[in-house]
Amino acid sequence: MLKKNKWLIVFIVVALVVVIALSFATFKTSKKGTSESGETLAAETQKQPTQGKKGAKVLLVEFGDFKCPYCGDFERKIKPQLEKEYIDNKKVEFRYVNVLIHGDESELGAKAALAVNQYAPEKYWQFHHALFEQQPKNKDDVGSQHWLTDDLIQKQLQKLGLSEQERKQITAAYRDKNGEMAKRAQEDHTLAKKEEVPYVPALYVNGKRIEDETDFDAIKKEVDKALEE
């Protein structure tokens, strides 16, 4: 009897370990990585922050996290090139979707950014860039250190030139733990799961995921191809 109980306990422990491991593999185990339909992804991201030409023939969608160091690299090294060649001259439309990989701080940043987009949309991208600029220089520190705080957000809001009413609306919205911004941040994260986004940053061109988002030439090739189709 004791031997049977021992094996039962071992089985339960192993089962729990497997369940826990699977719960942390949300964005790493996916093999899909490409939206089934560019039209579907376009429809699902209609309310997201946008740049460039609305309704353009080519839609770029980035899935990212303000607490992700590699998203910061994309923001600093790849995004400016996309803006120069495609976004600022209205050749494409660019949208951003929040993925909450790093827990509470990721959600706080997402809620604040979404609130800015709600109440002062013309200031959204300035705020978006500012949050990435605040990342620690050391990549390991970006995800592990506690830096994306309410105090940091308030300091960045002060730099946007908002009216007092706008600042109060934005602050109240992102601080509400059960409010509309919290709901939308979770909806963003849910969309990333639905699309089986394998990692962040992930960039999609008309629903097709770019294999290497660090290679601007590879991105350019896919964007140019989509523009010619």
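Here the dipole of region 38-228 is about 500 debye; that uses its Cα centre as origin and unit charges on the Cβ of Lys and Arg (positive) and Asp and Glu (negative).
On average over all directions, what projected area in square nanometres does region 79-134 have, based on the convex hull of its Cα atoms?
So the Cα hull casts an average projection of 4.3 nm².
What is the antiparallel percent of DSSP beta bridges lying wholly in region 38-228, to the nearest 5? Within region 38-228, antiparallel bridges account for around 55 percent of the total. Computed in the context of the full set of protein chains, the accessible area of region 88-229 at 1.4 Å probe radius has 44% of its extent on carbon or sulfur. Take the Cα radius of gyration of region 38-228 and divide it by 2.2 N^0.38 Å, N being the number of residues; the result is 0.98. Applied to region 138-155, the Karplus parametrisation 6.51 cos²θ - 1.76 cosθ + 1.60 on θ = phi - 60° returns per-residue 3J(HN,Hα) values of 7, 4, 5, 6, 4, x, 9, 7, 8, 10, 7, 10, 4, 4, 4, 4, 4, 5 Hz, with x for Gly and Pro. In region 38-228, a dipole from Cβ-located charges (positive for Lys and Arg, negative for Asp and Glu) runs towards its positive end, and of A56, A113, S163 it is S163 whose Cα lies farthest in that direction.
Taking every Cα-Cα distance in region 131-186 and sorting them into 10 Å bins starting at zero, the pair-distance distribution P(r) comes out as 20, 42, 33, 5 percent. Computed over the Cα atoms of region 50-163, pair by distinct pair, the Kirkwood hydrodynamic radius stands at 14.6 angstrom. For region 38-228, the per residue solvent-accessible surface stands at 47 Å², with DNA, RNA and ligands left out and a 1.4 Å probe. In this structure the amide hydrogen of R209, modeled in the peptide plane, comes within under 5 Å of the amide hydrogens of S35, none closer than 5 places in sequence on its chain.
Cα centroid distance between region 200-214 and region 71-90, in Å? Between the Cα centres of region 200-214 and region 71-90 lies a distance of 13 Å.
Relative to the present Cα-Cα distance, how much length would full extension add between D215 and Q126 at 0.36 nm per residue of separation?
29.6 nm
Using only alpha carbons, region 111-159 has a radius of gyration to Kirkwood radius ratio (Rg to Rh) of 1.00.
Compute the distribution of all C-alpha to C-alpha distances in region 161-229, in bins of 5 Å from 0, and list the percent of pairs in each, rounded to whole numbers. Percent of pairs per bin, in order: 3, 14, 16, 12, 12, 12, 12, 13, 6, 0.
The values are calculated or read from the model by the stated rules, or taken from the named source; none is laboratory data. Given the structure is predicted, the values throughout are model-derived calculations rather than measurements. FYI the Cβ positions are ideal-geometry reconstructions off the backbone, even for glycines, and counts take in every protein chain you see. To get the accessible areas, we keep the full protein, side chains included, count just its heavy atoms, and leave off ligands, DNA and RNA. Shrake-Rupley method; radii C 1.70, N 1.55, O 1.52, S 1.80 Å.
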